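Please treat every number below as a calculation from the coordinates, not as lab data. Predicted model, so just to flag it, every value in this text is computed and none were measured. Cβ atoms come from the backbone with ideal geometry, glycine included; neighbour counts cover every protein chain shown.
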């Protein structure tokens with residue numbers, strides 16, 4: 001009976017640094033999460049770029065979440081965050097974001113920026129709880145994908 005419990009029990013995902021060999025899995029997760037997914041080739045390019053920092057969440061051998069940002073001088077921009085539908089609402093995005101922000105601070109970065117669709121309430125709540133604040137707006141930024149404008153958010157790391 002214990003083997004049956006272990007078979008169906010979900011363990012907490014493991015958080016780690018992503019590598020270029022994760023490109024296909026991250027592209028698939030991104031495509032399932034956004035109207036315009038990035039290709040495996042785009043992910044390969046990002047994951048080999050020394051200015052890009054990427055953390056992933058794995059459950060078993062499956063990538064179930066990631067966060068990716070690009071560094072420039074003493075700032076970073078979060079380019080994308082995605083969590084598999086089966087793992088949404090369980091705090092995984094928060095864990096990824098917390099780890100990522102600590103890594104960026106450890107690299108000496110002073111601030112992080114991102115853009116989020118005004119209509120994406122769960123993401124806006126996540127970023128607000130993590131200390132991001134609105135510093136700008138881009139009206140109509142997500143209009144082609146059925147969204148509204150983008151909010152530009154910032155969080156200081158020091």
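Approximating the spin labels as points 7 Å out from Cα along Cα→Cβ, the residue 19-to-residue 48 distance works out to 1.5 nm. Going by neighbour counts of Cβ atoms within 10 Å, the residues 51, 33 line up, fewest first, as 51, 33. When 129, 155 are arranged by Cβ crowding within 10 Å, least crowded first, meaning fewest neighbours, the order is 129, 155. Can you give the calculated 222 nm mean residue ellipticity of the chain, where each DSSP H run of n ≥ 4 adds -39,500 (n - 2.57) and the sum is split over every residue, rounded to the nearest 500 deg cm²/dmol? Helices in the chain give a 222 nm mean residue ellipticity of -9500 deg cm²/dmol. Using just the C-alpha positions of the chain as equal point scatterers, what log10 of I(q)/I(0) does the Debye formula give at each q in 0.11, 0.16, 0.21 1/Å? Evaluating at q = 0.11, 0.16, 0.21 Å⁻¹ gives log10 I(q)/I(0) of -0.45, -0.93, -1.53. Out of every Cα-Cα pair that the stretch 69-122 contains, those further apart than 18 angstrom amount to 39 percent.
Stretching residue 137 away from residue 85 to a fully extended chain increases their span by 15.9 nm, per 0.36 nm per residue minus the current alpha-carbon distance.
By the beta-carbon count within 10 Å of each Cβ, the least crowded to most crowded order of 80, 69, fewest first, is 80, 69. With each label modelled as a point 7 angstrom along the Cα→C-beta vector, the residue 11-residue 39 pair spans 3.7 nm.
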